[in-house]
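The structure under discussion appears below in the form of structure tokens.
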Amino acid sequence: MPEFRSVWQRLLILSLSVFLISACVARLAYNTMDYWIPWYLDDYVSLTSAQESRFIQEFRQAQAIHRRQELPRVHQEITALQRDLAQPMTTAQIEGYHHSFTGLGEDSITVFTPPVSNLLRYLSNIQVEQINTKVNQDLDELRTKREKLTQEEKLKRYRTRFEKISREWIGSLTDEQSAMIAELAQYQLEIEPVFFSVRQGLYQQWQQLMTERHRPEFQGKLEKLLQDMVAFRYAPVQFQFDRYLQRRFELLTRLNQSLSARQRQHFIDKLTEIRKDIAVLIQQ
């Protein structure tokens, strides 16, 4: 999934804060977002000094709200997750946390959308074309790259990636758990064509939205588009999305219930690092 959304993550990065990384890196990344986001955007559009200055000022204001309003909620949800992880979790619990953390992501988008929409609203037509050209290039490169891979190669890449992530969060894997990861990789391979179709649909929505950027309702429409992307809401393939997520919930339940006491503690300890880091960010 990360490969399919890589292009859009570069746009969404204006609206989302990434917390599930190592503690010191998370603090540095969050506290310097006003520096590296304009730098990141430079790959897509050349801003004037006035545009960049206004964006940074408005972004800092939004980040102050996010730090005060949203980070405590993230901290609270992680604390609750740690408590529930002490025992095997049910599918309903895992699905519930998926929706609660997704909701937190959507609320973060609400906070950061105003500076983003203001930036986009005042772009020239030439600047908008710069963005669209670069996005098109990225999408073409992604399609070409994926077309060169066989199904077996794709499956191997998914499995390798998921095994790496799993080891980071729970430590070494048993044979049974490795088999579950292989099953998850198969789910990902099966949903791949759906993500490709969504990619084009989202891009078309983005292009249409940018033609409406001077209208009063632009900010609300941009917020909804970003939230739908985060929440896997896309009407033409919603059934496939929902089925995909449900299969993941069920598999993650089996994986969770297979954890040893040591693996469970490893997971809880990783969350403790993140929770402590967020607590520091709240106080800064």
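All of the numbers you see were taken from the coordinates with simple rules; none came from a lab. Computed from a prediction, not measured in an experiment: that's the story for all the values here. Cβ atoms come from the backbone with ideal geometry, glycine included; neighbour counts cover every protein chain shown.
How long are the semi-axes of the equivalent ellipsoid of region 34-88, taking √(5λ) for every eigenvalue λ of the Cα gyration tensor, in whole Å from largest down?
After scaling each eigenvalue by five and taking roots: 36, 14, 5 Å.
Where does the chain land at 222 nm, in deg cm²/dmol rounded to the nearest 500, when only DSSP H runs of n ≥ 4 count, each adding -39500 (n - 2.57), divided by all residues? The partial results should precede the final answer.
On the way: 12 runs with 227 residues, N = 284.
The helix contribution divided over the chain gives -27500 deg cm²/dmol.
Lysine pairs in the chain with Cα distance under 27 Å, only those 8 or more apart or on different chains: how many are there?
Lysine pairs meeting both conditions in the chain amount to 15.
Can you list the trypsin sites (Lys or Arg not before Pro) in region 88-173 that are in a DSSP coil and have 14 or fewer other beta carbons within 10 angstrom? If you can, show how the numbers build up before the last one.
Details: sites: 121, 134, 143, 145, 146, 148, 154, 156, 157, 159, 161, 164, 167; in loops: 148.
Listed in order of number, the matching sites are 148.
Would you mind calculating the gained length between residue 145 and residue 48 on full extension (0.36 nm times residue separation, minus the Cα-Cα distance), in nm to one decimal? Please list the in-between numbers first.
Numbers: separation 97, 0.36 × 97 = 34.92 nm, distance 3.35 nm.
Taking 0.36 nm per residue and subtracting the Cα distance, the gain is 31.6 nm.
With equal scatterers on the alpha carbons only and no solvent term, can you work out the Debye log10 of I(q)/I(0) for region 154-284 at 0.13, 0.15, 0.21 1/Å?
Results for region 154-284 at q = 0.13, 0.15, 0.21 Å⁻¹ read -0.79, -0.93, -1.14.
Decide, for region 91-245, between rounded, prolate and oblate: order the square roots of the alpha carbon gyration tensor eigenvalues as a ≥ b ≥ c, take rounded if a/c falls under 1.5, and otherwise choose prolate if a/b is larger than b/c, else oblate.
On the way: a/c = 2.40, a/b = 1.60, b/c = 1.50.
Because a/c hits 1.5 or more and a/b exceeds b/c, region 91-245 counts as prolate.
Along the Cα→Cβ direction, 7 angstrom out, place labels at residue 69 and residue 31. What is the inter-label distance in nm?
2.4
For region 118-177, report the % of Cα-Cα distances exceeding 14 Å. Don't skip to the end; give the middle numbers.
Numbers: 1295 of 1770 pairs.
Of the Cα pairs, 73 percent sit more than 14 Å apart.
Calculate, in nm to one decimal, what residue 200 and residue 161 gain on full extension: separation in residues at 0.36 nm each, minus their alpha carbon distance. Present the calculation step by step, with values, prior to reporting the outcome.
Numbers: separation 39, 0.36 × 39 = 14.04 nm, distance 2.48 nm.
Contour length minus the Cα-Cα distance gives 11.6 nm.
What translational diffusion coefficient, in µm²/s and rounded to a whole number, does the Stokes-Einstein relation yield for region 146-191 at 4 °C and a viscosity of 1.567 mPa s, taking the hydrodynamic radius as the Kirkwood radius over Cα pairs? Intermediate values should be presented prior to the final figure.
On the way: Rh = 10.9 Å.
Translational diffusion coefficient: 119 µm²/s.
Starting from the Cα of residue 282, step 7 Å toward the Cβ, then list every residue of region 72-104 with an amide N under 12 Å from that point.
72-80
Treat each spin label as a single point 7 Å out from the Cα along the C-beta direction, and report the residue 124 to residue 84 distance in nm.
Between residue 124 and residue 84, the simple spin-label model gives 5.1 nm.
How big, in percent, is the set of alpha carbon pairs in the chain lying more than 28 Å apart?
Values: 17270 of 40186 pairs.
Value for the chain: 43 percent of Cα pairs lie more than 28 Å apart.
Normalised by the number of residues in region 152-284, what is the relative contact order in percent for Cα pairs under 8 Å and 6+ residues apart? Spell out each step's value before the answer.
On the way: 52 pairs, mean separation 45.0, N = 133.
Once divided by the residue count of region 152-284, the mean separation gives 34 percent.
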